[in-house]
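The values are calculated or read from the model by the stated rules, or taken from the named source; none is laboratory data. Note that the structure is predicted; figures quoted are calculated from it, not measured. A quick note on method: Cβ atoms are made from the backbone with ideal geometry, for glycine too, and the neighbour counts reach across all protein chains shown. Keep in mind that these areas ignore ligands, DNA and RNA; they rest on the heavy atoms of the full protein, side chains included. Shrake-Rupley method; radii C 1.70, N 1.55, O 1.52, S 1.80 Å.
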Amino acid sequence: MNISVVIPLLNEQESLNELYHWIAKVMQSNSFSYEIIFIDDGSTDGSWDTISQLSEQDTNVKGIRFLKNFGKSQALHAGFGAAHGDVVITMDADLQDNPEEIPEMYDMIAKEGYDLISGWKKKRYDSVIAKNLPSKLFNAAARKTSGVKLHDFNCGLKAYKNSVVKNIDVHGEMHRYIPVLAKNAGFTKIGEKVVLHQARKYGKTKFGMSRFINGFLDLVTIWFMSRFGKRPMHFFGLIGTLLFIVGFCFSLYLGIDKLFIETKGRLIAQRPEFYVALTSMILGTQFFLAGFLGEIILTSKRDKERYSIAERLHL
């Protein structure tokens, strides 16, 4: 199979029929073998009924319905697990992503050897204050922190080699950083393509300003995980050891001073160095234990699904 189109959605019933016919037209005109996988992330507006109807009409349409809203990352994780195409395309269901971009993105993966192609909505039709400006700041911070030189990390329209989606773990709200996850997994040939952005035709956006705050917090998380996620002792243990050494040195100084230099001076507990030593040694021990516990968790953790599926169609 050439292409799997993975589409996470929440309450997008009005756009689904139009989106399906648009994608099917592009696929058929380019003679692609394909599947369209809709992941209903707990919709309450009848989106699943529409997906079921489309699946009955066309066996290329497949669906996964979550029991409740688990988030876009979890929806993508489920879609990636079900995808069979050599190239996996992700796009949003609100008609703001243009399916006409798919053939060129497919060629960049299949013929030019890219691991991942990320869309870049160079010209946007969103609010400048609410979305465009925060998005620019967010992307600049992501580029600086991750080393992945993309203009638009959060663009829903992306193309992946199948092996990429099978080897990355998208969880929490990490869908914004899939290119970074791919790079950390060893897939370094990451490219970008300018894509058309269209104004929302139906409904309203499901994301508010809080997504940028969450995005920056997730960026800190992924920065830490990429460097120390598999070796927490290297981070916590190092800090703990340094703090413990500082505390030990102050304690040694206080002991020598009290025993051999100022034997009749003030009590050790009345000296500020005592509290520096005590605090440093306690914090050092706690950091060291945090690293040790992190190592134990890593060696004993078990894979567990982070969502509950109610129904599947043709999967």
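May I ask you to work out the translational diffusion coefficient for segment 1-70 at 4 °C, viscosity 1.567 mPa s, via Stokes-Einstein with Rh from the Kirkwood sum over Cα pairs, reported in whole µm²/s?
The calculation lands on 106 µm²/s.
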Roughly how large, in nm² to one decimal, is the mean projection of the convex hull of the alpha-carbon atoms in the chain? 20.5
Cα-derived Rg to Rh of segment 26-128, Kirkwood definition: 0.97
Mind checking which aspartates and glutamates have their Cα closer than 19 Å to the Cα of Lys230? Skip sequence neighbours fewer than 8 apart in that chain. Asp169, Asp218, Glu295, Asp303
Rounded to whole angstrom, the alpha-carbon centroid of segment 81-123 lies from that of segment 39-64 at a distance of 21
Solvent-accessible area per residue, Å², over the chain with all protein chains present [probe radius 1.4 Å]: 52
Over all Cα pairs of segment 230-300, the Kirkwood radius sets Rh, and Rg/Rh then becomes 1.20
Signed unit charges on C-beta, dipole axis of the chain, positive-most listed residue Phe248, Ala269, Gly172: Ala269
With a 1.4 Å probe and all protein chains in place, put Trp22, Trp223 in order of accessible area, largest first. Trp223, Trp22
The helix 210-228 Cα axis meets the longest alpha-carbon principal axis of the chain at an angle in degrees, between 0 and 90 and rounded to 10, of 60
On C-alpha positions alone, give me the angle between the axis of helix 238-256 and the longest principal axis of the chain, in degrees, nearest 10. 10
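Tally Lys/Arg at +1 and Asp/Glu at -1 over every other residue whose Cβ is under 12 Å from the Cβ of Pro179; what's the total?
The answer is +3.
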For Lys149, net neighbour charge (Lys/Arg +1, Asp/Glu -1) across residues whose Cβ lies under 9 Å away: 0
Point-charge dipole on Cβ atoms (K/R +1, D/E -1) for the chain, about Cα centre, debye to 20: 1320
Top positive-direction residue, dipole computed over segment 27-70 with Cβ charges, set Thr59, Ser29, Phe70: Phe70
Largest first, what is the accessible-area ranking of Arg266, Arg65, Arg176, Arg231 with a 1.4 Å probe? Arg266, Arg231, Arg65, Arg176
